[in-house]
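Just below is one structure, and these are the notes that go with it.
The values are calculated or read from the model by the stated rules, or taken from the named source; none is laboratory data. Keep in mind that what you see is a predicted model, and the values were worked out from it rather than measured. A quick note on method: Cβ atoms are made from the backbone with ideal geometry, for glycine too, and the neighbour counts reach across all protein chains shown. All accessible areas refer to the heavy atoms of the entire protein, side chains included, with ligands and DNA or RNA removed. Shrake-Rupley method; radii C 1.70, N 1.55, O 1.52, S 1.80 Å.
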Amino acid sequence: MRFNIPNYSCWLIWVFFLLTACNNIQAQTIDSLLQRYSAAPKQERLYLHYDKTTYAPGDTVWFKSYLMADLFPSEVSKTIYVDWLDDKGALLSHSVSPVLEATSNGQFLIPENYTASAIRVRAYTRWMLNFDSAFLYEKVLPVLSKAPSPVKTKSVASAHFMAEGGDAVAGLNTKIAFKATDQWGGPIEISGSLQDNAGSVIQTFRSTHNGMGTFLFTPRMGTTYVAKWKDAGGENHTTALDPFKASGALLRVVLAGNKRTVTVERSATSVPQQFYLVGTMFQNRVFSTRSDLRTKLSDTKVIPTVALPTGILTITLFDSASNPVAERITFVQNNAYSFQPVLNVLRYGHNKRAKNDWEIRLPDSLSTHLSIAVTDAALNTDSSHSIYSHLLLTGDLKGNVHQPAAYFSHPKDSTPEHLDLVMLTNGWRRFNWEALNRTKPLALNQGKDSAYLSLSGRLYGIQPGRISGETLVAILKTKDSAASQMVMLPINSNGQFNQPDFLFFDTLQVYYQFKKGSFLNNASVRFMENRLPPITLSAGFLKPLGKSFNDTTGMAYHRLLAAEKLDLRNFQSAKMLSNVTVRTQARSRINELDKRYASGLFSGADSYQFDLTEDRSATGFLTIFQYLQGRVAGLQINNSGGGTTLQWRGGSPSVYLNEILTDINAVASEPVANIAYVKVFRPPFMGGFNGAGGAVAIYTKKGGDNKSTSKGLDNTTITGYTPIKEFYSPNYGTFDARHEQRDLRTTLYWNPFLTTSPARSSIKLSFYNNDVTKAFRVIIEGITKDGQLTHFETIIE
């Protein structure tokens with residue numbers, strides 16, 4: 001057998017191999033098909049890491065998302081959409097988050113009056129909507145019911161029987177795999193027998209792992225078969241096997257350590273008799289070979305897998321006309337997919353409100369994005385899913401896999417065989433060979449969000465091509481601010497306009513007009529059409545909720561804390577209504593400005609702060625950047641030439657006007673007399689886009705300082721990205737009126753912004769314990785720039 005090594009220079013962690021290629025017309029047709037397959041749009045996989053497992057009404061769900069395509073962090077999409085649904089699938093909220101280096105983060109506040117037992121999460125990119133909706137990210141988050149009562153629901157068992165490779169063939173010994181589940185998708189152990197239509201027992205079987213198992217049999221023409229089986233409760237069931245083919249070929253795969261033994265067998269009357277065996281991973285061919293069965297009925301190949309990455313290897317059998325005949329997936333689990341952080345406890349604080357100082361260390365060579373969640377270890381936990389199991393396994397499978405994380409966190413000698421049962425019994429069809437074989441371009445209904453959401457729109461009611469050199473004048477006002485900003489939006493010949501550097505969170509009030517006397521004044525304007533609305537799927541796509549969520553000791557403890565927190569909230573509300581005065585320390589002028597102007601991740605934080613309302617010298621500067629020059633150590637400001645440039649620690653700080661990412665020269669034209677407050681954030685700044693070089697946040701004056709120039713103009717409210725809030729972590733080393741309340745936080749620390757680089761391989765973090773927690777559960781997840789993953793979980797007590 002001759003090996004040809006293809007050149008995939010961008011896949012450095014792979015060693016691809018290519019088995020014998022044929023030089024006839026049929027082989028060229030297969031090669032052409034595989035080239036179209038490899039060039040087809042790459043599909044994305046999305047995973048969300050949450051701060052904890054279960055929530056109570058009034059809790060905030062904090063999350064960080066990780067996006068992959070192929071083996072690497074995805075570079076396809078710049079925006080992630082998250083739909084928050086109730087237990088019946090009705091929309092509660094639609095989050096829109098920017099993607100920075102294949103990661104994003106956000107939050108969702110569960111209403112205090114929420115009464116259902118679960119929140120459904122559906123996350124996706126615009127690009128993912130071009131493909132099967134079964135591969136969108138979905139998760140069911142349990143919500144503690146206020147008055148749980150045990151409900152005895154009878155388990156309803158069902159079983160599915162599937163032939164290896166797709167179809168059984170008369171006269172050929174065929175492996176049948178089966179999977180038995182209850183109505184919630186959980187496994188049920190079964191036993192039974194295969195019987196023909198005469199009632200004869202052909203084969204007996206029994207599930208061996210999570211309701212799954214296999215048996216062999218040879219179907220005979222003119223005979224039908226049923227599986228008669230009994231569930232764990234002793235109830236009898238009958239399931240008919242799928243019809244089989246009178247003639248054809250089948251595919252058998254046997255695990256043999258770091259090899260796969262693949263057998264192609266045909267029936268004596270099968271036409272055609274030449275086949276092509278192709279292996280693919282992540283839409284790239286890793287082997288192909290011909291099986292010539294003109295003079296024999298079977299052919300066996302040994303496929304080495306030691307050099308392949310961890311993931312699903314798809315083995316497809318094509319006939320000589322490039323039609324898929326059979327397909328089998330097998331899981332390759334090699335050990336180069338992960339990295340492990342080291343957690344050092346520098347200060348140990350399990351007492352009431354004690355301080356904890358920790359350090360996370362990683363190998364010096366890694367550039368990573370991480371998220372960490374620290375919760376009360378007494379709470380219930382769900383370790384059935386992880387970043388490993390989703391991005392490497394279930395993200396490419398249809399159907400439910402029971403506790404997939406166990407295949408990665410607790411591997412055993414039996415793990416390869418058990419994973420092979422998962423491969424045999426879960427529907428898989430990431431790609432449609434038949435559609436590709438038609439040689440027509442794949443239909444893509446959605447484009448790529450290859451740029452961030454920005455101020456954009458389109459004119460309607462004007463004939464295309466008539467527009468030339470026209471401009472839309474827009475005056476923008478942020479929420480809770482009297483300050484305004486004017487932008488000029490050039491309109492192209494198709495009636496579209498876009499300001500790609502104008503990115504914003506939350507809502508903007510837009511007042512707009514065309515030039516006086518312009519024929520465009522009769523046009524209608526629609527803004528932000530590039531912001532994807534929530535998708536609608538039928539009820540059949542909803543995941544089963546599962547059994548009762550309220551039956552664990554950890555949930556009982558969580559419910560007890562949640563009930564006490566609710567009592568505290570009600571008590572505090574009553575105190576406020578009674579006009580009880582709480583004494584606090586007086587805030588400084590700069591703190592008052594920060595509270596008034598800054599919000600979300602722009603508030604607080606370590607930064608240089610400048611109060612221009614009290615600095616009489618400020619009005620003597622032509623631009624705000626002239627004012628800042630020399631006032632911030634390390635920040636280099638160049639005002640010469642055609643515009644202003646900023647440099648800090650080798651990067652370029654982002655510039656925000658009223659927390660909206662804005663072109664630096666547009667900000668430079670803002671009169672200094674209109675500016676009230678400036679914050680300069682040291683690198684890296686994680687509150688916005690491209691924050692590696694830090695950020696400069698400039699706030700214009702509020703109140704009656706700026707007269708409205710927008711009276712009488714057409715106006716509308718537009719929505720950008722969902723605001724990103726800051727996780728509240730109390731600092732008991734300083735005074736705060738909130739410290740007088742009993743601290744019952746169940747998530748003690750959440751940080752989605754942890755990063756390392758070859759120059760900075762350790763991260764230090766600090767947080768304070770609450771009033772009741774005695775032990776911490778720590779979960780760290782993350783990804784490197786070259787696609788390695790981590791899931792680290794430990795208990796500190």
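When the convex hull of its Cα atoms is viewed from all sides, segment 281-369 shows a mean projected area of 10.7 nm². Phi angles across segment 354-362 convert, under the Karplus curve 6.51 cos²θ - 1.76 cosθ + 1.60 with θ = phi - 60°, into 3J(HN,Hα) values of 6, 8, 10, 10, 10, 9, 10, 10, 9 Hz, Gly and Pro given as x. Under the convention that each Lys and Arg Cβ holds +1 and each Asp and Glu Cβ holds -1, the size of the dipole of the chain around its Cα centre is about 460 debye. Once you have a ≥ b ≥ c as the square roots of the Cα gyration tensor eigenvalues for segment 312-431, tell me rounded if a/c is under 1.5, and otherwise prolate or oblate according to whether a/b is larger than b/c. The shape class here is prolate.
Here segment 299-343 exposes an accessible surface that is 51 percent carbon and sulfur, computed with a 1.4 Å probe and the other protein chains kept in place. If you wrap the chain in the convex hull of its Cα atoms and look at it from every side, the mean projected area works out to 41.3 nm². Straight-line cross-link reach from Lys774 at under 15 Å between alpha-carbon atoms covers these aspartates and glutamates, not counting any fewer than eight positions away in the same chain: Asp376, Asp743, Glu797.
When restricted to Cα atoms, segment 198-237 yields an Rg and a Dmax of 12.0, 35 Å, respectively.
With all pairs of separate Cα atoms included, segment 58-146 yields a Kirkwood hydrodynamic radius of 13.9 Å. Counting every C-alpha pair in segment 225-341, the share spaced more than 26 angstrom apart comes to 38%. Taking each residue as 0.36 nm, the span from Glu726 to His402 lengthens on full extension beyond its C-alpha to C-alpha distance by 113.2 nm. The accessible surface of segment 471-532, taken with every protein chain in place and a 1.4 Å probe, is 45 percent carbon and sulfur. Here the gap between Asn445 and Lys785, fully extended at 0.36 nm per residue and compared with their Cα-Cα distance, gives a gain of 119.4 nm. Modelled spin-label separation between Ser414 and Thr60, with each label point placed 7 Å from Cα along the Cα-to-Cβ direction: 4.5 nm.
Taken as Cα centroids, segment 181-233 and segment 65-128 sit 39 Å apart, rounded to the nearest whole angstrom.
The order of the peptides 508-515, 733-740 by mean Cβ neighbours within 10 Å, most packed first, is 508-515, 733-740.
Helical content of the chain, expressed as a calculated mean residue ellipticity at 222 nm, amounts to -3000 deg cm²/dmol (DSSP H runs of 4 or more residues, -39,500 (n - 2.57) each, divided by residue number, nearest 500). Between the amide H of Ile190 and those of Ser207, distances stay under 5 Å, these residues lying 5 or more places away or on another chain, with hydrogens modeled in the peptide plane.
Using the Cβ-Cβ distance between Thr115 and His237 with R0 set to 56 Å, the FRET efficiency works out to roughly 0.95. Taking each of Lys479/Lys679; Lys42/Lys78; Lys64/Lys88; Lys477/Lys702 in turn, the alpha-carbon distance tops 21 angstrom for Lys64/Lys88. When the solvent-accessible area of segment 155-251 is split by element, carbon and sulfur atoms take up 49 percent of it, the probe being 1.4 Å. The calculated Kirkwood hydrodynamic radius for segment 593-701 is 13.8 Å, given to one decimal from all distinct C-alpha pairs. Classify segment 224-291 from the C-alpha gyration tensor, please: rounded if a/c falls under 1.5, else prolate or oblate depending on whether a/b exceeds b/c. It is oblate, given that a/c is not under 1.5 and a/b is not larger than b/c. Ordering Leu713, Tyr114, Thr425 by the projection of their Cα atoms onto the charge dipole of the chain, which places +1 on the Cβ of Lys and Arg and -1 on the Cβ of Asp and Glu, puts Leu713 at the extreme positive end.
Report the calculated FRET efficiency for Ala354 and Lys543 (r = Cβ-Cβ distance, R0 = 35 Å), to the nearest 0.05. Plugging the Cβ-Cβ distance into 1/(1 + (r/R0)^6) gives 0.30.
Rolling a 1.4 Å probe over the protein heavy atoms gives the chain an accessible area of 45 Å² per residue. Taking 1.306 mPa s as the viscosity and 10 °C as the temperature, the Stokes-Einstein diffusion coefficient of segment 112-206 based on its alpha-carbon Kirkwood radius rounds to 87 µm²/s. Using the Cβ-Cβ distance between Thr218 and Val156 with R0 set to 35 Å, the FRET efficiency from 1/(1 + (r/R0)^6) comes to roughly 0.60.
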